[in-house]
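The values are calculated or read from the model by the stated rules, or taken from the named source; none is laboratory data. Keep in mind the model is a prediction, meaning the values are calculated, not measured. Here the Cβ positions follow ideal geometry from the backbone for every residue, glycine too, while neighbour counts run over all protein chains shown.
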Amino acid sequence: MRHHSSTSPQPFPLLKLLFGSICISFSPIFIKLADVPPDTAGFYRQLFAAMSLLVLMFLRRENLKMAQRPRLLLWLGGAVLAIDFMCWHRSIVLIGPGLSTLLANFQIFFTALFSWLFFKQKISKMFILAVVMALCGLFFITGVDVKSLEKGYELGILLGLMAAIFYSGYILLLKMSLNDSSVNSVAAMLMVAIPSALLLAVIAPLNGASFIIPDTNSLFALIGVGVVSTTLGWSLISSAIKHIQATVAGLILLLQPTLALVWDTLFFDRPTGGIEIFGILLILSAIYIGSDRK
């Protein structure tokens, strides 16, 4: 989804990318605040996203017309994203919004790995260094004293990494669909949100989850993650990123996992020691190096 641009960064696209990253950084916070099961949260997230995307399409006078192949790719992407949400939302519950979001951003490495496996794209020495840095950072956060980890913590880490794998699959399917000139980004997001919501609507009750929203705070949190984080956040990013140099865009997009950790510390009193901060900085540096597509 990142585009190289020979032009210098423009102030307005930069602001849009910045604001979009901030919007998305709140998504794990909204999920944590919504007092509903993980799959129910995913369903309402995509439902409210789809509703707001329809409004956005109406205002922009766009339509859903596109070729059959990208439509099928987007539907498949929606199904993969639903599984990603199932993993990530559970990870948020087990290890908190900050760390789960950091792990979900490991998608950078899995996307490159899948691109190498399926599309024969080359992997650089710098990328291998980035992977080693990320794994070392994860060790500093979690592996220094395994015995001290709370119950469910290891499962939360595993689910966070699984979320990254499924998210990378979604990213590749989205990229393949957007290569088609008949697809615009808002229509693409809607074509993802609808099958994603439908799949979660089937899966949630099978897992014993209820669709009842217990209180107003939960309702606002679910509207927040659907409208603010998903529709507004991704619309701003997708419209701005093509006008910004890849290295600058990569740096700004790092705000998303960084701010998620900040919000986790501020709102939920996440304890963060010196070694853990070093691990977090190591992972963020690795994600930045890994995102460089030179």
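Details
- Against the conditions (1) modelled with pLDDT of 95 or more; (2) out of contact with any Gly (no Cβ under 6 Å at 6 or more places or on another chain), residue 91 satisfies every one except (2).
- Some residue of the range 270-278 being part of a helix (DSSP H, G or I), on the phi < 0 side of the Ramachandran plot and either without any contact (Cβ under 8 Å) to a residue 24 or more places away in the chain or out of contact with any Phe, Trp or Tyr (no Cβ under 9 Å at 6 or more places or on another chain) (or both): yes
- Residue in the range 77-98 that is in a helix (DSSP H, G or I) and among the polar types (S, T, N, Q) present: yes
- Of the residues making up the range 98-122, those that are at pLDDT below 85 and either farther than 24 Å from residue 175 by Cβ or surrounded by 12 or more Cβ atoms within 10 Å (Cβ to Cβ) (or both) number 1.
- Residues located in the range 273-294, provided they are small (Gly, Ala, Ser) and surrounded by fewer than 18 Cβ atoms within 10 Å (Cβ to Cβ): 273, 274, 285
- Candidates 83, 24, 95, 31 - the one that is more than 16 Å from residue 197 (Cβ to Cβ), buried (at least 17 other Cβ atoms within 10 Å of the Cβ), within 16 Å of the chain's Cα centre (by Cα) and of a type in the set (A, V, I, L, M, F, W, C): 24
- Some residue of the range 36-52 being free of Cβ contacts under 8 Å to residues at least 60 places away in the same chain, among the hydrophobic types (A, V, I, L, M, F, W, C), on the phi < 0 side of the Ramachandran plot and assigned to a helix (DSSP H, G or I): no
- So residue 51, is it of a type outside the set (Ser, Thr, Tyr), touching a helix residue (DSSP H, G or I) at 6+ places or on another chain (Cβ under 8 Å), closer than 28 Å to residue 87 by Cβ and modelled with pLDDT of 90 or more: yes
- Hey, residue 258 within 22 Å of residue 49 (Cα to Cα), within 16 Å of the chain's Cα centre (by Cα) and either in contact (Cβ under 8 Å) with a residue 24 or more places away in the chain or surrounded by 17 or more Cβ atoms within 10 Å (Cβ to Cβ) (or both) or not: no
- None of 281, 261, 266, 251 is in a helix (DSSP H, G or I) and more than 21 Å from residue 107 (Cα to Cα) except 266.
- Residue satisfying all of: in the range 53-76; free of Cβ contacts under 8 Å to residues at least 60 places away in the same chain and part of a helix (DSSP H, G or I); nearest to residue 203 (Cα to Cα) among these: 72
- Whichever residue in the range 138-175 is modelled with pLDDT of 90 or more and closer than 17 Å to residue 290 by Cα and, among such residues, is surrounded by the fewest Cβ atoms within 10 Å (Cβ to Cβ): 161
Residue-wise test of (1) in contact with an Asp or Glu (Cβ under 7 Å, 6 or more places away or on another chain); (2) of a type outside the set (Phe, Trp, Tyr).
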| position | (1), (2) |
| --- | --- |
| 171 | no, yes |
| 188 | no, yes |
| 193 | no, yes |
| 200 | yes, yes |
| 211 | no, no |
| 216 | no, yes |
